[in-house]
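K.L.:
Questions regarding the structure given below will be posed in turn.
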Amino acid sequence: MAKVEESVMSLDELPSALLATVFTKLDIASICSIASTCSAFNSCASHILSFLPNFHLLDIAPTEDLLRPLLPPNPYLRSLKVDCGRLDDSAITLLVKPSLDELCLHNCADFSGKLLSEIGNRCKDLRSLYLGSVAEKRGRSIHISDLEELLSGCSQLEALILMFDVSLFLRHNFARVWTLASEKITSLEIGYISSVTVTELLSPNLGSHQSLNPAQPSILPSIQKLCLSVDYITDAMVGTISKGLVFLTHLDLRDAPLIEPRITFDLTNAGLQQINQHGRLKHLSLVRSQEFLITYFRRVNDLGLLLMADKCANMESICLGGFCRVTDTGFKTILHSCSHLCKLKVSHGTQLTDLVFHDISATSLSLTHVSLRWCNLLTNQAVLSLASNKDLKILDLRDCRSLGDEALRAISILPRLNILLLDGSDITDVGLSYLRPRVINSLFTLSLRGCKRLTDKCISTLFENSGTMELRELDLSNLPNLSDNGVLLLAKSRIPLSELRMRQCPQIGDTSVMALASMLVDEARWHGSTLRLLDLYNCGGITQLSFRWLKKPYFPRLRWLGVTGSVNRDMVDALARSRPLLHVACHGEELGVDPSDSSDSLYMHDYGEEDELEQWLLEGEVDSDDEEMGDAENNEVLVD
């Protein structure tokens, strides 16, 4: 027995080189988690940060003081992704590293144009760049010279994403500056740009070097993916893009008009006819958003889609939003012409009916992703027809208000469904029973927002004695008949949810918060709530008692919290100070990380009993804030 004990080696006795090799395979949160377990791992974690190839920290928005020890000098760093919501220009030298191949900076509202110029000066070998919300804070600005230094300095760029309003630049200089851009760029995404500027930018033979092909632009000649948000989608812009970008495979255009567009600033049948002139397009998205004005593509009808379909035989993904004059004939033409189509998205299809899908089983289509949002003429019959596609993984039927329990019965035969969105439909508790046992066990995301016939019984119908489930994201918002009793049943089910939305549920109160805070998911591994996002905005029964349960050590992994700010304002502020890595939203905004980011999806790890990342970064710094929260509670009692 003694010999066996002598042969056992503790983890901290492992060779440092072996530990370092293991640590390089982990993400930042996991490294910090391990660092808090013993001194040997802590030392190794501090050392590994000096030669870690990837640094991805998008789950929280660190301050510069918190970020600095995590980003020591590191000549081996190749990929850096950070939420910069609490950073400004003073952090530029910390973030902009010469060794980087990939740089992804979200929420840069407090940075100026200096960020662009410094990236151009320092990151000469950069291949991929994402910049979000640059200089959106009042008092910050970007000069055209900043863009010029970025484009001229990063001569190896292949992917460029500028998710902010580039119309701030002077238009007559803007196109000229892009002649300096890397000819290696194959992917370009811009947060907002005017259609006139796009047309000028991609016009043939702009700049000093002439293109050998008179139809091909002399700048950005290698573009394969183009995603733009513009003021108006126009025939002129679509024609310029289609003629000039000969290698284009992915085109995503979205507009949000402030006023009803005139014919010269609109998309017509003639514009659709120009799409995919070179035959390489695989993915097409044309969406008119109703963010500012209820408006549609009123100058496009079935003829436009018929003309476009002739050149879309090889399309794999099509997204059409706001085509109010297109009927079943036009949409059906797309389905029957595009034999390789696997993703179909239609929004605000005001004339789309069940007839589009009634013979879909006779086609060779194998759809995996279907979204039919705001298509109010659809009924259960359409879903019954769509269910012939047994490989469906994503089904978005939000705001199709005529769908009921028979639609759920049809969905029940889909074994691979991962995401099901049923917001605003006419389903009942009984209908949800059709999702068991097959569909509910495969779902990762389920949204029942605004399904007002649902009651507490829907929770037991879905989750009672359900066993192991993949479900991680659940939306129960705007359910007037959902009460604390339903949430108690949910907590009892022990489903390890990471996101739970219950906004605008008048019967949800303190009991729900206490139940979720005390939730025991897995006796062997998980203790306490696994939630990383909890939305309780405008829930009728939330009082100061709930805020006591939102403090540490409860909800140790929580990163996003939605509450009503006008109630217990002092306690909301004290909670935000006591948990500096928690994003507290109190104005009704939707919660969550940037949807355009899908990074770290391969890094799936279990968190311990506390959030070690927060513990490692902030140890000993929040005691005073806990005292402040106690004072806020006392003040609330005095006011009462």
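The values are calculated or read from the model by the stated rules, or taken from the named source; none is laboratory data. As the structure is a computational prediction, the values presented were derived from the model and not from experiment. FYI the Cβ positions are ideal-geometry reconstructions off the backbone, even for glycines, and counts take in every protein chain you see. Remember, those area values only see protein heavy atoms, side chains included, never the ligands or the DNA or RNA. Shrake-Rupley method; radii C 1.70, N 1.55, O 1.52, S 1.80 Å.
K.L.:
Suppose we filter the range 164-182 for residues that are over 28 Å from the mean Cα position of the chain (by Cα), surrounded by fewer than 18 Cβ atoms within 10 Å (Cβ to Cβ) and under 16 Å from S141 (Cβ atoms); how many remain?
P.N.:
2
K.L.:
Identify all residues within the range 111-134 that are open to solvent by less than 10 Å² (accessible area, probe 1.4 Å) and in contact with a Gly (Cβ under 6 Å, 6 or more places away or on another chain); write none if there are none.
P.N.:
Of everything in the range 111-134, just one residue is open to solvent by less than 10 Å² (accessible area, probe 1.4 Å) and in contact with a Gly (Cβ under 6 Å, 6 or more places away or on another chain), namely G120.
K.L.:
Assuming H336 fulfils every condition listed in (1) in the same structural domain as N269 (by the TED database); (2) at pLDDT below 95 apart from one, which condition is it?
P.N.:
(1)
K.L.:
If you scan the range 33-60, which residues turn out to be in contact with a Phe, Trp or Tyr (Cβ under 8 Å, 6 or more places away or on another chain) and modelled with pLDDT under 75?
P.N.:
Once the filter is applied, which keeps residues that are in contact with a Phe, Trp or Tyr (Cβ under 8 Å, 6 or more places away or on another chain) and modelled with pLDDT under 75, the range 33-60 yields S33, I34, A35, S36.
K.L.:
Name the single residue that is surrounded by the fewest Cβ atoms within 10 Å (Cβ to Cβ) among those in the range 316-338 being touching a His at 6+ places or on another chain (Cβ under 7 Å) and within 22 Å of T368 (Cβ to Cβ).
P.N.:
So the residue we want is E316.
K.L.:
Of the conditions (1) at pLDDT 95 or above; (2) farther than 28 Å from T186 by Cα; (3) not in a loop (DSSP other than H, G, I, E, B), R299 satisfies every one except a single condition; which number is it?
P.N.:
Status for R299: all satisfied but (3).
K.L.:
Which members of the range 94-147 meet the condition of being within 22 Å of L57 (Cβ to Cβ) and of a type in the set (V, I, T)?
P.N.:
V96, I119, V134
K.L.:
I'm trying to understand the selection: among the residues of the range 386-441, which are charged (D, E, K, R) and in contact with a helix residue (DSSP H, G or I) (Cβ under 6 Å, 6 or more places away or on another chain)?
P.N.:
Result: D405, E406, R409, D429.
K.L.:
Still on this structure, I have one more. Would you be able to say whether some residue in the range 343-356 is open to solvent by less than 10 Å² (accessible area, probe 1.4 Å), touching a residue at least 24 places away in the same chain (Cβ under 8 Å) and over 28 Å from K311 (Cα atoms)?
P.N.:
No, the range 343-356 contains no residue that is open to solvent by less than 10 Å² (accessible area, probe 1.4 Å), touching a residue at least 24 places away in the same chain (Cβ under 8 Å) and over 28 Å from K311 (Cα atoms).
K.L.:
Report, by residue number, each residue of the range 241-265 that is under 25 Å from L293 (Cβ atoms), in contact with a helix residue (DSSP H, G or I) (Cβ under 8 Å, 6 or more places away or on another chain) and surrounded by 21 or more Cβ atoms within 10 Å (Cβ to Cβ).
P.N.:
I241, L251, L253, D255
K.L.:
On to the next question. Residues in the range 465-479 that are of a type outside the set (K, R), surrounded by fewer than 20 Cβ atoms within 10 Å (Cβ to Cβ) and under 19 Å from R503 (Cα atoms): how many?
P.N.:
1
K.L.:
Given D405, D429, D359, which one is touching a Cys at 6+ places or on another chain (Cβ under 8 Å) and surrounded by fewer than 20 Cβ atoms within 10 Å (Cβ to Cβ)?
P.N.:
D429
K.L.:
Follow-up question, since we're still on this one. Quick one: how many residues across the range 183-192 are open to solvent by less than 10 Å² (accessible area, probe 1.4 Å) and either over 22 Å from the mean Cα position of the chain (by Cα) or modelled with pLDDT under 95 (or both)?
P.N.:
Within the range 183-192, residues that are open to solvent by less than 10 Å² (accessible area, probe 1.4 Å) and either over 22 Å from the mean Cα position of the chain (by Cα) or modelled with pLDDT under 95 (or both) number 1.
K.L.:
Among the listed residues A91, A45, A35, identify the single one that is among the hydrophobic types (A, V, I, L, M, F, W, C) and in contact with an Asp or Glu (Cβ under 7 Å, 6 or more places away or on another chain).
P.N.:
Just one listed residue meets the conditions, A91.
K.L.:
Which one of these does L545 not meet: (1) more than 13 Å from M514 (Cα to Cα); (2) open to solvent by 50 Å² or more (accessible area, probe 1.4 Å)?
P.N.:
With (1) more than 13 Å from M514 (Cα to Cα); (2) open to solvent by 50 Å² or more (accessible area, probe 1.4 Å) applied to L545, the lone miss is (1).
K.L.:
Can you find even one residue in the range 160-175 that is touching a Cys at 6+ places or on another chain (Cβ under 7 Å) and free of Cβ contacts under 8 Å to residues at least 40 places away in the same chain?
P.N.:
Among the residues of the range 160-175, not one is touching a Cys at 6+ places or on another chain (Cβ under 7 Å) and free of Cβ contacts under 8 Å to residues at least 40 places away in the same chain, which makes the answer no.
K.L.:
Turning to a different aspect of this structure: When you go through T63, T21 one by one, which is the residue that is modelled with pLDDT of 80 or more and of a type in the set (V, I, T)?
P.N.:
Of T63, T21, the one residue that is modelled with pLDDT of 80 or more and of a type in the set (V, I, T) is T63.
K.L.:
Looking only at the range 555-581, filter to residues that are assigned to a loop (DSSP other than H, G, I, E, B) and at pLDDT 90 or above; which one of those is nearest to I508 (Cα to Cα)?
P.N.:
V563
K.L.:
Give L454, L488, L482, L462 a once-over and let me know the one that is of a type in the set (A, V, I, L, M), more than 26 Å from the chain's Cα centre (by Cα) and surrounded by fewer than 20 Cβ atoms within 10 Å (Cβ to Cβ).
P.N.:
Unique residue meeting the criteria: L488.
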